[in-house]
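The values are calculated or read from the model by the stated rules, or taken from the named source; none is laboratory data. Keep in mind that what you see is a predicted model, and the values were worked out from it rather than measured. Methodologically, a virtual Cβ is constructed for each residue, glycine included, from the backbone with ideal geometry; neighbour enumeration extends over all protein chains shown.
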Amino acid sequence: MNPPARPSIPDSGPEHAVDTVSRFLDVAPLRRDAFIEHLAEVPLFSACSKKDLQLVARRAEDVKVGAGKVLVSEGSAGAEFFVIMDGKARVTARGRKVAELGPGRFFGDLALLDRAPRNATVVAETPMEVLVLGQREFAALIDEVPGFAHKLLAGLARRLREADAKSIQ
């Protein structure tokens with residue numbers, strides 16, 4: 001298995017500096033458990049077992065970034081999924097603040113499935129620790145683990161049903 005590519009978080013200028021990137025396996029066991037718990041809350045992974053989530057977690061990278069770091073930019077192609085382990089991020093769409101995200105929250109899950117343009121910009125408001133899973137690593141997991149794709153489809157169907165229910169209200 002090839003080592004995962006470094007997350008492609010933009011890195012132009014001092015406000016885009018990535019402080020550290022390490023393999024998720026190097027993270028303390030309690031942090032790994034917290035990440036797996038957070039993954040279980042992601043609708044895309046809702047049909048996955050704990051063993052499946054551990055396989056996903058092994059492919060993630062632990063990334064520490066400084067305040068002001070742009071994690072994703074609205075309109076740019078998405079290729080990574082992020083789970084916030086520590087810190088806070090501001091989410092803007094069309095120049096307006098739409099949310100603030102903290103530990104346990106996630107974004108970019110659909111970028112694992114296609115490279116559609118991001119629908120928002122996410123910027124670190126404080127120093128942050130995020131776990132990042134790239135599209136390439138995720139695709140390799142789908143290819144290597146029989147039945148995993150079926151579980152993802154079930155999770156995706158659940159997410160679509162929830163979105164449909166919200167649109168009807």
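With respect to the numbered conditions (1) at pLDDT 85 or above; (2) more than 21 Å from Leu153 (Cβ to Cβ), which one is the sole condition not fulfilled by Asp52?
Among (1) at pLDDT 85 or above; (2) more than 21 Å from Leu153 (Cβ to Cβ), Asp52 violates only (2).
Is it the case that Leu141 is closer than 25 Å to Val63 by Cα, in contact with a Leu (Cβ under 9 Å, 6 or more places away or on another chain) and surrounded by 17 or more Cβ atoms within 10 Å (Cβ to Cβ)?
So Leu141 fits the description; yes.
Please give the number of the condition Gly95 fails out of (1) without any contact (Cβ under 8 Å) to a residue 12 or more places away in the chain; (2) within 17 Å of Leu152 (Cα to Cα).
Only one criterion is unmet by Gly95, namely (2).
How about region 56-67: which of its residues are surrounded by fewer than 16 Cβ atoms within 10 Å (Cβ to Cβ) and more than 15 Å from Val132 (Cα to Cα)?
If the condition is that a residue be surrounded by fewer than 16 Cβ atoms within 10 Å (Cβ to Cβ) and more than 15 Å from Val132 (Cα to Cα), then Ala67 is the only one that fits.
When only residues in region 88-110 that are at pLDDT below 90 and either of a type in the set (S, T, N, Q) or part of a helix (DSSP H, G or I) (or both) count, which is surrounded by the most Cβ atoms within 10 Å (Cβ to Cβ)?
Of everything passing the filter in region 88-110, Asp109 is surrounded by the most Cβ atoms within 10 Å (Cβ to Cβ).
In region 120-143, is there at least one residue being under 21 Å from Asp33 (Cα atoms), assigned to a helix (DSSP H, G or I), at pLDDT 90 or above and acidic (Asp, Glu)?
There is at least one residue in region 120-143 that is under 21 Å from Asp33 (Cα atoms), assigned to a helix (DSSP H, G or I), at pLDDT 90 or above and acidic (Asp, Glu).
Right, Ala111: touching a helix residue (DSSP H, G or I) at 6+ places or on another chain (Cβ under 7 Å), without any contact (Cβ under 8 Å) to a residue 40 or more places away in the chain, among the small types (Gly, Ala, Ser) and within 20 Å of Ile36 (Cα to Cα) or not?
Yes, satisfied.
Given the structure, is Arg159 in contact with a helix residue (DSSP H, G or I) (Cβ under 8 Å, 6 or more places away or on another chain), in a helix (DSSP H, G or I) and within 23 Å of Ala57 (Cα to Cα)?
yes
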